[in-house]
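Participant: Would you mind keeping the following structure in view while I ask a few things?
The values are calculated or read from the model by the stated rules, or taken from the named source; none is laboratory data. As the structure is a prediction and not an experimental result, all values here were calculated from the model. Ideal geometry is used to build each Cβ from the backbone, glycine not excepted, and the neighbour counts take in all protein chains shown.
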Amino acid sequence: MTRPDWAPEHIDITRASVARVYDYALGGAHNFAVDREAAELVTQAMPELRDVLRGNRVFLTRAVHHLLDLGIRQFLDLGSGIPTVGNVHEIAHKADPDARVVYVDNDPVAVAHSQLLLADNPNATVVGADLTDPAKVIDSPEVRKLIDFSQPVGVLIVSVLHFLPDEADPVGVVRQYMDATVPGSHLALSHAHRSEERPAGMDRALSEYSSNVQQMHARSHDGILAIFGGLELLPARLVPVDVWGPEGRLGDPAVKLPQLAGVAVKA
Ligand SMILES: C[S@@+](CC[C@H](N)C(=O)[O-])C[C@H]1O[C@@H](n2cnc3c(N)ncnc32)[C@H](O)[C@@H]1O
């Protein structure tokens, strides 16, 4: 297999990665055969997958617009992924070219591609780091340069925390990020949801994903709610990703997508 220019030397292109599988499922070009095969296996098990991912991107877009409307001008996007259509800095800079965005991801392709895209952008950057080390991320030179922690921050953790097992303490990780921010800061979060009403193929899809890509931990409604800790959800409930926001439902009302989203404020 020939290695394309955009693929960093040290990555293993015979093993699927979370970021590249997601890129493929969204129609991107930064992926390998192993990623495409894994995505197809999961999609065969649960054809709703692409609706979940598209709904997730719609939630991200709507949440960023909402935070911009509230006056938030700095964003910390944790587990940001391989850049695609509608990146956070593009949305933010359309509203205000002085808005600041820091992306964080631990996938080398996501980091390399973000670096390339942001090379000439003084108000957006990327940190290659594991988000489960909040102190390291918060103290990184990139974050310290662009994020002013004396002003409200929009913390985005979208479709990521289901990759953390309970032992990695997603509740504590989120708390550490939000503890670093001032009141008026917001958390936008989406997370895979396991409920009685889940699509017929979801258990098989999770098992295919866990065997071929990375262990995935879909959580109950209350398990996801717990991740918000003491923050105040506005509106006061979690909803499927394609439903969040005043614009209303995006997809087929008969299909309840198994990924919940919410935006909360630090009082
Ligand atoms: C499903 S993608 C979501 C991308 C983007 N947030 C979105 O919603 O469109 C999950 C991303 O989180 C990254 N990720 C997973 N675990 C991570 C960790 N512990 N630290 C940093 N990034 C992580 C993956 O590399 C991947 O790019």
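Participant: Please find, among GLY55, GLY81, the residue that is of a type in the set (Gly, Ala, Ser), in a loop (DSSP other than H, G, I, E, B) and either within 21 Å of HIS162 (Cα to Cα) or in contact (Cβ under 8 Å) with a residue 24 or more places away in the chain (or both). Steps first, please.
Facilitator: On the way: GLY55 fails: in a loop (DSSP other than H, G, I, E, B).
From the options GLY55, GLY81, the qualifying one is GLY81.
Participant: Sticking with this structure for a sec: Regarding PRO97, is this residue touching a Gly at 6+ places or on another chain (Cβ under 8 Å), part of a loop (DSSP other than H, G, I, E, B) and at pLDDT 95 or above?
Facilitator: Here the answer is no, as PRO97 does not meet what is asked.
Participant: Which ones in region 229-243 are surrounded by 15 or more Cβ atoms within 10 Å (Cβ to Cβ), more than 15 Å from the chain's Cα centre (by Cα) and assigned to a loop (DSSP other than H, G, I, E, B)?
Facilitator: The answer is GLY229, LEU231, LEU238, VAL243.
Participant: Tally the residues that are touching a residue at least 60 places away in the same chain (Cβ under 8 Å) and more than 15 Å from the ligand (Cβ to nearest atom), restricting the search to region 68-78.
Facilitator: If we filter region 68-78 for residues that are touching a residue at least 60 places away in the same chain (Cβ under 8 Å), which is where we start, we get 70-78.
Subsequent filtering for residues that are more than 15 Å from the ligand (Cβ to nearest atom) retains 70-74.
Count: 5.
Participant: Moving to a separate point now. Check ALA264, ALA192, ALA188, ALA205 and return the single one that is assigned to a helix (DSSP H, G or I), small (Gly, Ala, Ser) and crowded, with 19+ Cβ neighbours inside 10 Å. Break it down stepwise before answering.
Facilitator: Details: ALA264 fails: assigned to a helix (DSSP H, G or I); ALA192 fails: assigned to a helix (DSSP H, G or I); ALA188 fails: assigned to a helix (DSSP H, G or I).
Exactly one of ALA264, ALA192, ALA188, ALA205 is assigned to a helix (DSSP H, G or I), small (Gly, Ala, Ser) and crowded, with 19+ Cβ neighbours inside 10 Å, namely ALA205.
Participant: State yes or no: is VAL109 touching a residue at least 40 places away in the same chain (Cβ under 8 Å) and within 16 Å of the ligand (Cβ to nearest atom)?
Facilitator: On the way: touching a residue at least 40 places away in the same chain (Cβ under 8 Å): yes; within 16 Å of the ligand (Cβ to nearest atom): yes.
Considered against the rule, which asks whether it is touching a residue at least 40 places away in the same chain (Cβ under 8 Å) and within 16 Å of the ligand (Cβ to nearest atom), VAL109 comes out as yes.
Participant: Quick check on my filter: what residues within region 89-105 are buried (at least 18 other Cβ atoms within 10 Å of the Cβ) and either small (Gly, Ala, Ser) or within 12 Å of the ligand (Cβ to nearest atom) (or both)?
Facilitator: Step one: filter region 89-105 for residues buried (at least 18 other Cβ atoms within 10 Å of the Cβ), giving 89, 91-92, 99-105.
Listed by number, the residues that qualify are ALA92, ALA99, TYR103, VAL104, ASP105.
Participant: Exactly one condition in (1) out of contact with any strand residue (DSSP E or B) (no Cβ under 7 Å at 6 or more places or on another chain); (2) in contact (Cβ under 8 Å) with a residue 60 or more places away in the chain; (3) assigned to a loop (DSSP other than H, G, I, E, B); (4) more than 14 Å from the ligand (Cβ to nearest atom) is false for GLN151; which is it?
Facilitator: For GLN151, the failing item is (1).
Participant: For region 154-185, give me each residue that is more than 16 Å from the ligand (Cβ to nearest atom) and in a loop (DSSP other than H, G, I, E, B).
Facilitator: ALA180, THR181, VAL182, PRO183, GLY184, SER185
Participant: Please list, ordered by first then second residue, the pairs with beta carbon atoms under 6 Å, 6 or more apart or interchain, first in region 203-229 and free of Cβ contacts under 8 Å to residues at least 12 places away in the same chain, second surrounded by 14 or more Cβ atoms within 10 Å (Cβ to Cβ).
Facilitator: Going by the 6 Å Cβ cut-off, the qualifying pairs are SER210/MET216.
Participant: Right, another one. Regarding VAL126, is this residue assigned to a strand (DSSP E or B) and either within 15 Å of the ligand (Cβ to nearest atom) or small (Gly, Ala, Ser) (or both)? Outline the logic, then answer.
Facilitator: On the way: assigned to a strand (DSSP E or B): yes; either within 15 Å of the ligand (Cβ to nearest atom) or small (Gly, Ala, Ser) (or both): yes.
Taking the combined requirement at face value, the residue satisfies it.
Participant: For region 19-50, how many residues are assigned to a helix (DSSP H, G or I), crowded, with 18+ Cβ neighbours inside 10 Å and within 14 Å of the ligand (Cβ to nearest atom)?
Facilitator: Number satisfying all stated conditions: 12.
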